[in-house]
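Single-structure report; data block below.
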Amino acid sequence: MSTPTLIGLAAFRGRYTARLIQFGEDPEVLAPLLRRIWTDTFGRDTDAMAAALLARNWWSLAINPKPRRWDRQPPVPGLGYPIVTEDDTIRQGSLREHLDGFVEWLYLLHLDQRRLVVYEATVHARWLRHSAHHLDPVEDLFVTEPADDDGPEMTVCTVCGAVDEIDHVEVPSMAGYGYDTATSCTRCGSSVATDPMFGDHVTRKLWPPQQPATGDATGSAK
């Protein structure tokens, strides 16, 4: 079963430019794949990857696509399988648009931040921010890791190593669309604040915290 997905570039005030991926995937699959494409195919050149993705519509993305006898166009090495459609225009849209139920996911690249923000279509026919992923995962402040005992996944702070010790606040944004969020580690105080217009602002605290210098300027009493 296909999962129609849009992938493209974020623009000013919630606007975007995107192409269709007929057989898209959820973020757990597509975000790591896009990281590999960014690294292996485009040598971490975000602009070049964005231009290639916006050059056409896609059946699916793949790091090593093989020729298939039923494809009308050959695969694009290191990127995926293009699709031939009657309407080949680039989609121009807005995060505030009303959805018709056709697409399920929207992936938007933020070129200056080398970041991928994912939105999901809701039952209310609107986009809802799902998650954000740095193309270079080293830049992530909070990461999700599997538990050692096959239990539920845990959220780990990459600054101090705290596990599941985070606070998360989400409120409607003053931008008029989307949400402002603040996620912080309760151990070290590192945080990520986001808003729809300017994206993520990451604050990394020193760890372990530096102790103030101590000493007796007057010398020890005898």
| message | 5 Å is the cut-off here: which amide hydrogens, built 1.01 Å from N in the peptide plane, fall below it relative to I166, excluding neighbours closer than 5 in sequence? | response | T186
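Over the residues of region 45-128, compute the C-alpha Rg and express it relative to 2.2 N^0.38 Å. Present the calculation step by step, with values, prior to reporting the outcome.
Details: Rg = 14.7 Å, N = 84, 2.2 N^0.38 = 11.8 Å.
After normalising by residue count via 2.2 N^0.38 Å, the value is 1.24.
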| query | Sequence-distant or interchain residues sharing an amide H contact under 5 Å with Y177, placed H: which? | reply | none
| remark: Computed over the chain: longest principal axis from alpha-carbon atoms vs helix 27-36 long axis, angle to nearest 10 degrees, is 90
| query | Tell me, what ³J(HN,Hα) does each residue in region 87-92 have, in order and in whole Hz, if you take phi through Karplus 6.51 cos²θ - 1.76 cosθ + 1.60 with θ = phi - 60° and put x for Gly and Pro? | reply | 9, 9, 6, 6, 7, 10
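Mind ranking 155-161, 43-49 by how tightly packed they are, going by the mean number of other C-beta atoms within 10 angstrom, highest first? Please report the intermediate quantities before stating the final value.
Values: 155-161: 17.9, 43-49: 14.1.
The densest-packed peptide leads the list: 155-161, 43-49.
Could you report the chain's accessible area per residue, 1.4 Å probe, as an integer in Å²? Before the final figure, lay out the partial values.
Details: 13110 Å² over 222 residues.
Counting only protein heavy atoms, the per-residue value for the chain is 59 Å².
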| field | Cα Rg over Rh - region 75-194, Kirkwood | value | 1.03
| message | Just to check I understand the Karplus step: with θ = phi - 60° and J = 6.51 cos²θ - 1.76 cosθ + 1.60, what whole-Hz values come out for region 180-197, glycine and proline as x? | response | 8, 10, 9, 10, 9, 7, 6, 8, 9, x, 5, 8, 10, 10, 10, 8, x, 8
| remark: Using alpha-carbon coordinates alone, the radius of gyration and Dmax of the chain in Å work out to 21.6, 93
| Can you give me the pair-distance distribution of region 1-62, C-alpha pairs, 5 Å bins, whole percents? | 4, 17, 25, 29, 18, 6, 1
| query | Can you list residues whose amide H is under 5 Å from H130's amide H, if they're 5+ apart or on another chain and H is modeled 1.01 Å from N? | reply | V118, Y119, E120
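Given a 1.4 Å probe and every protein chain left where it sits, what share in percent of the accessible area of the chain is carbon and sulfur?
Details: 6880 of 13110 Å².
Carbon and sulfur: 52 percent of the exposed surface of the chain.
The values are calculated or read from the model by the stated rules, or taken from the named source; none is laboratory data. As the structure is a computational prediction, the values presented were derived from the model and not from experiment. Positions of Cβ are generated from backbone atoms using ideal geometry, with glycine treated the same way; all protein chains shown enter the neighbour counts. Surface areas here come from the heavy atoms of the whole protein model, side chains and all, with no ligands, DNA or RNA. Shrake-Rupley method; radii C 1.70, N 1.55, O 1.52, S 1.80 Å.
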